[in-house]
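Presented below is the structure to which this report refers.
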Amino acid sequence: MRYPHLLAAIAFIAPAPLLAQALTPAETRTIDALVAKTLADTGVPSASIAVVRGGKTVLAKAYGKQFEGQKGPADPTLPYQIASVSKQFTAAAIQLLADEGKLSLDDTVNKYIPGITGGDTITIRQLLSHTSGLRDYWPQDYSFKAMATPTTPQGIVDRWAKAPLDFAPGTQWQYSNTGYVVAGMIVEKVSGQPLLDFLQAHVFRRLGIRALDQDKAVGPGFPQGYLRHALGPVRVETPAAPGWLYAAGELAMSPQDLAKWDIARMNRTLLPAKLWAEQETPVNLTSGASTGYGLGVGIGVKDGRRIVEHSGEAVGFLTENIVYPEDKAAIVVAVNAWFADAPGRIAKGIADVILPQPQASNPDAAALDRTKQVYAQLQAGRLDRALLTEDAAYYFTPATIADYRTSLSPLGAPSKIEQVGQTRLRGGFVNRSYRVSYPTRTLRISTYAEPGAQGRIEQFLVSPVE
């Protein structure tokens, strides 16, 4: 469920806030062209965006095909599944209960939810900051086998939160959807309400936000998710069975509604100012090192500007939400596909329009032998299943492998395959990303593998990038 693009916090000089002004016709045309080109380049069917400048929403617009059989233009009021962007709302629910004296962020988990591994030492703060050590139940960027069957929060807890911890609480940072499921259960235990009902009463109705359970934001009139295997055809995605996102990412809303929350954040309204500050304060590890992550949000500096950021990945959907607090600016991008880099590409392009900044990159070299081997196998349509975990074997059906072969084989041998970004531990797997370069195009490979030199592959996904 898409981890946030965390950036190292560094000293900076805050720029002056942008004036509250509407986009000029030229700026709007530039954004329209950016979105249209991105959709055309990536094959992503639709995008819905909201742009905040000077503390006000200055653009809310949707583009492309939001669902099969759509008649008329795209509708910016339709709710997209925002997935892990929901985490900051779960964190806010916990914070509100703490502010009322009904719990403390430093309470241990077993005070509210018994039977969790390490529950006598894991604190609620560690759940919200991804430092609990609880194993992530969904590190993959695809629907794994169990997701075809409905589940409950307790079902997730029983399978993943009762497994051995990946590390001692507080000693490492590792993205954990499981921790947020536990946090949501605590909200319900303490408040006596379903999590979504609590948020409706304390957040959404007060801000005029239409927020839905993403399991119910399906069917006629709702955006439909899409998938793509490598460079194969864009296909309608099958939603996961109910119950899989819950407090880790259960919400669906329009970007213009999410922007209302972003505006409340930058203006320090709705929640007490101290709770906003608490949410945006990076949590430190026991070593004293910063995680770059607060309570449900990533905190960092991008091109000299402080950002509060989180991305989201649901089955068939991607979202990017970036707030520039000192600039009173925010960018929300939601797409109905979970392949390619459309949300990040669009968000960066919009940032260049409303607050111009240089592009940055952070490549990181690593060993590539097996990645090159598997990529060549997929081009040939002969994948060695001994290299795969059970879930990866489930993902790579004959039809999937055929899509990889027919779309990748004509490209021939790449000029270069190189690792980009940092190697991370997540869900008990090692996560790496790679850039595949051809003379006329660039691809991305996202991998998860079991630890160790001979660890089996849990994920190997290929998608186009700019």
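The values are calculated or read from the model by the stated rules, or taken from the named source; none is laboratory data. What you see is a predicted model; the values in this text were computed from it and never measured. Please note: Cβ atoms are built from the backbone with ideal geometry, for glycine as well, and neighbour counts cover all protein chains shown.
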Pairs under 7 Å by beta carbon, first residue under 11 Å from TYR324 (Cβ atoms) and in contact (Cβ under 8 Å) with a residue 60 or more places away in the chain in segment 287-311, partner surrounded by 17 or more Cβ atoms within 10 Å (Cβ to Cβ) and among the hydroxyl-bearing types (Ser, Thr, Tyr), six or more apart or different chains? ARG305/TYR324; ILE307/TYR324
Flagged in segment 203-247 as charged (D, E, K, R), surrounded by 17 or more Cβ atoms within 10 Å (Cβ to Cβ) and over 28 Å from GLN154 (Cα atoms), in numbering order, are ARG228
Would you please name the residue that is farthest from TYR80 (Cα to Cα), looking only at residues in segment 219-230 that are modelled with pLDDT of 95 or more and over 19 Å from the mean Cα position of the chain (by Cα)? ALA230
Near pairs, Cβ below 7 angstrom, 6+ apart or cross-chain, from segment 377-398 (free of Cβ contacts under 8 Å to residues at least 12 places away in the same chain) to any residue that is outside any helix (DSSP H, G or I): GLN377/LEU383; GLN377/ASP384
Of all residues being of a type in the set (Gly, Ala, Ser) and outside any strand (DSSP E or B) in segment 279-322, which is modelled with the lowest pLDDT? Just the residue, please. GLY304
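Okay, residues lined up against (1) within 29 Å of THR238 (Cα to Cα); (2) outside the structural domain of ALA289 (by TED's automatic domain parsing); (3) in contact with an Asp or Glu (Cβ under 7 Å, 6 or more places away or on another chain); (4) not in a helix (DSSP H, G or I):
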residue	(1), (2), (3), (4)
ILE113	no, no, no, yes
THR117	no, no, no, yes
ASP120	no, no, no, yes
ARG125	no, no, yes, no
SER132	no, no, no, yes
ARG135	yes, no, yes, yes
TYR142	yes, no, no, yes
Scan segment 74-89 and give yes if some residue there is surrounded by fewer than 23 Cβ atoms within 10 Å (Cβ to Cβ) and either of a type in the set (Phe, Trp, Tyr) or farther than 16 Å from ILE209 by Cβ (or both), otherwise no. yes
Go through VAL44, VAL35 for me and flag whichever is in contact with a Gly (Cβ under 9 Å, 6 or more places away or on another chain), modelled with pLDDT of 95 or more, in the same structural domain as MET185 (by TED's automatic domain parsing) and not in a helix (DSSP H, G or I). VAL44
Given the condition under 23 Å from ALA163 (Cα atoms) and without any contact (Cβ under 8 Å) to a residue 12 or more places away in the chain, answer yes or no: does some residue in segment 433-455 qualify? yes
Complete set of residues in segment 51-66 that are surrounded by fewer than 20 Cβ atoms within 10 Å (Cβ to Cβ) and part of a loop (DSSP other than H, G, I, E, B): GLY54, GLY55, LYS65
Can you pull out the helices (runs of 4 or more DSSP H) entirely within segment 323-432 that have at least 3 residues that are modelled with pLDDT of 95 or more and over 19 Å from PHE460 (Cβ atoms)? 342-354
Restricting attention to segment 174-202, report how many residues are surrounded by fewer than 22 Cβ atoms within 10 Å (Cβ to Cβ) and not in a helix (DSSP H, G or I). 3
When you scan segment 144-173, how many residues do you find that are over 22 Å from the mean Cα position of the chain (by Cα) and part of a helix (DSSP H, G or I)? 4
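One line per residue, one yes/no per condition, for (1) surrounded by 15 or more Cβ atoms within 10 Å (Cβ to Cβ); (2) of a type outside the set (Gly, Ala, Ser); (3) in the same structural domain as PRO343 (by TED's automatic domain parsing):
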position: GLN379; (1), (2), (3): yes, yes, no
position: ALA393; (1), (2), (3): yes, no, no
position: THR406; (1), (2), (3): yes, yes, no
position: SER437; (1), (2), (3): no, no, no
Condition (residue is in contact with a helix residue (DSSP H, G or I) (Cβ under 7 Å, 6 or more places away or on another chain), touching a residue at least 40 places away in the same chain (Cβ under 8 Å), of a type in the set (Gly, Ala, Ser) and closer than 30 Å to VAL465 by Cβ) applied to segment 243-252: is it met by at least one residue? yes
May I ask you to verify whether PRO239 is outside any helix (DSSP H, G or I) and closer than 26 Å to GLY184 by Cα? yes
